[in-house]
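Chemist: Next up is a structure, given as structure tokens.
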Amino acid sequence: MGDSKDFENLPATHKLVDETRSELKSDISSLRAEMKSQFKSVDARFNKVDARFNEVDARFNEVDARFNEVDARFNEVNASINQVRASVDKLVSTVEDQSSKIHRTQALFEEMLQQNKMMLDSMTINNDRIERIEKAIATQ
């Protein structure tokens with residue numbers, strides 16, 4: 001009877017089956033209780049992790065708000081730069097207009113200078129002629 005195969009064919013008593021059943025039920029109940037406590041522990045850890053994620057989300061929301069503020073400031077700066085560019089373009093246009101007027105005036109002055117020079121030369125020639133005539137009359 002020392003062999004385990006000999007015990008396989010032995011009949012079990014009702015009491016033995018009931019005790020085995022009670023023992024198994026007890027083991028299952030304690031296992032369930034232990035699993036519930038482990039699940040509670042895991043749930044608590046998940047809740048902590050969720051709380052940390054919520055904190056991180058809140059921080060990201062703060063950072064997003066800051067970025068939105070910075071974006072708004074950049075948009076204001078860009079609008080100001082565009083206004084300055086428009087003003088500079090208008091100023092450049094005005095300067096170019098004034099420059100063209102100055103060049104036109106300079107061309108008119110040069111033309112008048114040439115005309116004045118021709119008149120002065122003509123008057124000088126007439127004056128020299130009158131002086132020669134007056135000398136010729138005075139010497140006669």
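Chemist: Taking R0 as 30 Å, what FRET efficiency do you get between S26 and V49 from their Cβ-Cβ distance, rounded to the nearest 0.05?
Modeler: Values: r = 35 Å, r/R0 = 1.15.
Plugging the Cβ-Cβ distance into 1/(1 + (r/R0)^6) gives 0.30.
Chemist: Ok, one more. Which label marks the calculated value of mean projected area of the Cα convex hull in nm², given the options (1) 8.2; (2) 25.3; (3) 14.3?
Modeler: Correct label is (2).
Chemist: Hey, another quick one. What is the sum of charges around E96, taking Lys and Arg as +1, Asp and Glu as -1, for the other residues whose C-beta is under 15 Å from the C-beta of E96? Could the numbers behind the result be given before it?
Modeler: On the way: positive: K90, K101, R104; negative: D89, D97.
So the environment of E96 carries a net charge of +1.
Chemist: While we're here: Using +1 on the beta carbon of Lys and Arg, -1 on that of Asp and Glu, and nothing else charged, what's the dipole of the stretch 11-139 about the Cα centre, debye to 20?
Modeler: Working: 20 positive and 23 negative charges, 69 e Å.
The dipole of the stretch 11-139 has a size of about 340 debye.
Chemist: Count charges around K25 for me, please; just the other residues with Cβ under 11 Å from its Cβ, Lys/Arg as +1, Asp/Glu as -1. Before the final figure, lay out the partial values.
Modeler: Numbers: positive: R21, R32; negative: D18, E19, E23, D27.
For residues surrounding K25, the net value is -2.
Chemist: Moving on to the next point. Taking the Cβ of D121 as the center, what net charge do the other residues with Cβ under 14 Å away carry, scoring Lys and Arg +1 and Asp and Glu -1?
Modeler: Details: positive: K117, R129; negative: D128.
So the surrounding residues net to +1.
Chemist: Can I ask one more? How far, in nm, would the chain grow between M118 and D71 when pulled straight, counting 0.36 nm per residue and subtracting the alpha carbon separation? Let's see the in-between values first.
Modeler: Numbers: separation 47, 0.36 × 47 = 16.92 nm, distance 6.93 nm.
That works out to 10.0 nm of additional length.
We did not get these values from a lab; they are worked out from the coordinates using the rules stated. Computed from a prediction, not measured in an experiment: that's the story for all the values here. Cβ atoms come from the backbone with ideal geometry, glycine included; neighbour counts cover every protein chain shown.
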